[in-house]
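Written below as structure tokens is the structure these notes are about.
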Amino acid sequence: MQLAPDCHVPVIWKPSSRARRLSLRIDPRRQAVSVTLPSGLSAAQAVQFLKIQIHWITKRLTALQQAPAFLPGRTIPIEGKPHTIVHHPTARGGVWIEADQICVSGAEEFISRRITDFLKNHARQILGQELRAQAQTSGLRPTRLDIRDTSSRWGSCSSSGRIMLSWRLVMAPTAVRHYLIAHELAHLRHMNHAPAFWQLVDQLTPHRHHAEAWLKHHGSALLGAH
Ligand SMILES: [Zn+2]
């Protein structure tokens, strides 16, 4: 859809009879804007709204296009350190790490899938260890950890004490992971973002401001990596 001269933006329209107002979000996997359209609203009104938001939309989509791609020759971060993807078509062993390389065997069309699976497993190990370590020192104990792929959230904590973390965090630097784990652990005591919650977060980790700033700049690239 053309929202401004020389500016084509992929839009996914989602008509909804239940939505009260027009809302938009970025769909990182489809690299598009997803627009929820309440039934009372005309298409012209919706387009007008998109035009007003065009600066925000193009900024977010450009960041996504710079997202790391899981392809040979590309460099992706693992635990914050750059690793170059090297294809070994005839080797055995799936995916393995050698110094600053991430090596992948097998057919080219499965590379992205194999690296995703490898990173998910790696995330389960790393984030599991880090969560257990912080739970031990803080005395805040989650009932369980789920590693998920959510398109917009890094983590969450349920009232039953379950913590969810995105596997994509395994690409982020250590300080960022430390903060996000501390954030979700703090929700075990405070299910809100009131001042007492932030006080506890700051007791658990010194990285809050740095990590928030890092996520603001680099977060959407990690969410879009594929
Ligand atoms: Zn929170």
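What the table below lists for this structure:
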quantity: Residue list for region 144-184, filter: away from the ligand (no atom under 12 Å from the Cβ), in contact (Cβ under 8 Å) with a residue 60 or more places away in the chain and over 17 Å from D202 (Cα atoms); calculated: S151, S152, V170, M171, A172, P173
quantity: Per-region count, region 185-217, residues away from the ligand (no atom under 14 Å from the Cβ) and aliphatic (A, V, I, L, M); calculated: 1
quantity: Candidate set: region 187-208, residues that are touching a Phe, Trp or Tyr at 6+ places or on another chain (Cβ under 6 Å) and under 23 Å from R144 (Cα atoms); chosen: the one most open to solvent (accessible area, probe 1.4 Å); calculated: H190
quantity: Only one of V86, V47 that is open to solvent by less than 60 Å² (accessible area, probe 1.4 Å) and either among the aromatic types (F, W, Y) or assigned by the TED database to the domain that holds A172 (or both); calculated: V86
quantity: Members of region 94-150 found to be under 20 Å from A172 (Cα atoms) and of a type in the set (D, E, K, R), listed by number; calculated: E98, D100, R113, R114, D117, K120, R124, E130, R132, D146, R148, D149
quantity: Count - residues of region 69-97 that are without any contact (Cβ under 8 Å) to a residue 24 or more places away in the chain, more than 21 Å from L222 (Cα to Cα) and outside any loop (DSSP other than H, G, I, E, B); calculated: 1
quantity: Qualifying residue in region 187-208 (condition: without any contact (Cβ under 8 Å) to a residue 24 or more places away in the chain and among the charged types (D, E, K, R)); calculated: yes
quantity: Checking A211 against (1) touching a residue at least 40 places away in the same chain (Cβ under 8 Å); (2) open to solvent by less than 40 Å² (accessible area, probe 1.4 Å), the condition it does not meet; calculated: (1)
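Residues checked against (1) of a type in the set (G, A, S); (2) in a helix (DSSP H, G or I):
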| position | (1), (2) |
| --- | --- |
| L119 | no, yes |
| Q125 | no, yes |
| A133 | yes, yes |
| T137 | no, yes |
| R141 | no, no |
| R153 | no, no |
| L165 | no, no |
| V170 | no, yes |
| Y179 | no, yes |
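The values are calculated or read from the model by the stated rules, or taken from the named source; none is laboratory data. Note that the coordinates shown come from a computational prediction; the quantities given were computed from them, not determined experimentally. We place every Cβ from the backbone using ideal geometry, glycine too, and count neighbours over all the protein chains shown. The accessibility values were calculated without ligands, DNA or RNA, using every heavy atom of the protein model including side chains. Shrake-Rupley method; radii C 1.70, N 1.55, O 1.52, S 1.80 Å.
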